[in-house]
Ligand SMILES: [Zn+2]
């Protein structure tokens, strides 16, 4: 049996039990075995009794969990903007502090340069985190823009 005939027979199956020749193929072919397992899981999910009518919801929710996408922790755009504003505001205010002037008087330009490098690194890390966490959104907007230009041209 090859993969194509395995999958054709899998689609035509009436019950969950695989015939012996399909079991033999699934033993040697991990892709077909995974396909059969996914179909079996989907069928068992489909055959679950109605969630609303059942007094015991927990086992059914547990059965649904593998099919639910993983939750993503998201920070709102407002929080990102407030944080960025605080960072920039701090960078503007730091040279005005009396402590900054006192440290600059003691250590000279070494202090100014190293503080600038530290703040620059901080801003770079912040911008990197912002971009990495919004890649999906940027990609979606870029595709929308390309689609609009494709229609206009
Ligand atoms: Zn196969």
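The values are calculated or read from the model by the stated rules, or taken from the named source; none is laboratory data. No experiment lies behind these values; they were computed from the predicted model shown. Because the Cβ atoms are built from the backbone with ideal geometry, glycine has one as well, and the counts that use them run over all protein chains shown.
Numerical summary
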quantity	calculated
Within segment 81-101, tally of residues that are within 15 Å of residue 112 (Cα to Cα) and either in contact (Cβ under 8 Å) with a residue 40 or more places away in the chain or outside any helix (DSSP H, G or I) (or both)	1
The listed residue being more than 14 Å from the ligand (Cβ to nearest atom) and either under 32 Å from the mean Cα position of the chain (by Cα) or closer than 30 Å to residue 60 by Cβ (or both), out of 33, 42, 37	42
Test result for residue 89, in the same structural domain as residue 118 (by TED's automatic domain parsing), more than 15 Å from the ligand (Cβ to nearest atom), under 32 Å from the mean Cα position of the chain (by Cα) and closer than 30 Å to residue 124 by Cα	yes
Residue 58, sole failed condition from (1) surrounded by 11 or more Cβ atoms within 10 Å (Cβ to Cβ); (2) more than 23 Å from the chain's Cα centre (by Cα)	(1)
Segment 1-16, subset under 23 Å from residue 67 (Cα atoms) and assigned to a helix (DSSP H, G or I), residue nearest to the ligand (Cβ to nearest atom)	7
Tally, over segment 85-106, of residues that are surrounded by 13 or more Cβ atoms within 10 Å (Cβ to Cβ) and either more than 22 Å from residue 130 (Cβ to Cβ) or at pLDDT 90 or above (or both)	3
Check on residue 44, at pLDDT 75 or above and farther than 30 Å from residue 129 by Cβ	yes
Neighbours by Cβ (under 7 Å, 6+ apart or cross-chain): first from segment 1-15, farther than 13 Å from residue 43 by Cα; second assigned to a helix (DSSP H, G or I) and more than 10 Å from the ligand (Cβ to nearest atom)	1/21
Tally, over segment 17-26, of residues that are without any contact (Cβ under 8 Å) to a residue 24 or more places away in the chain and near the ligand (Cβ under 10 Å from one of its atoms)	2
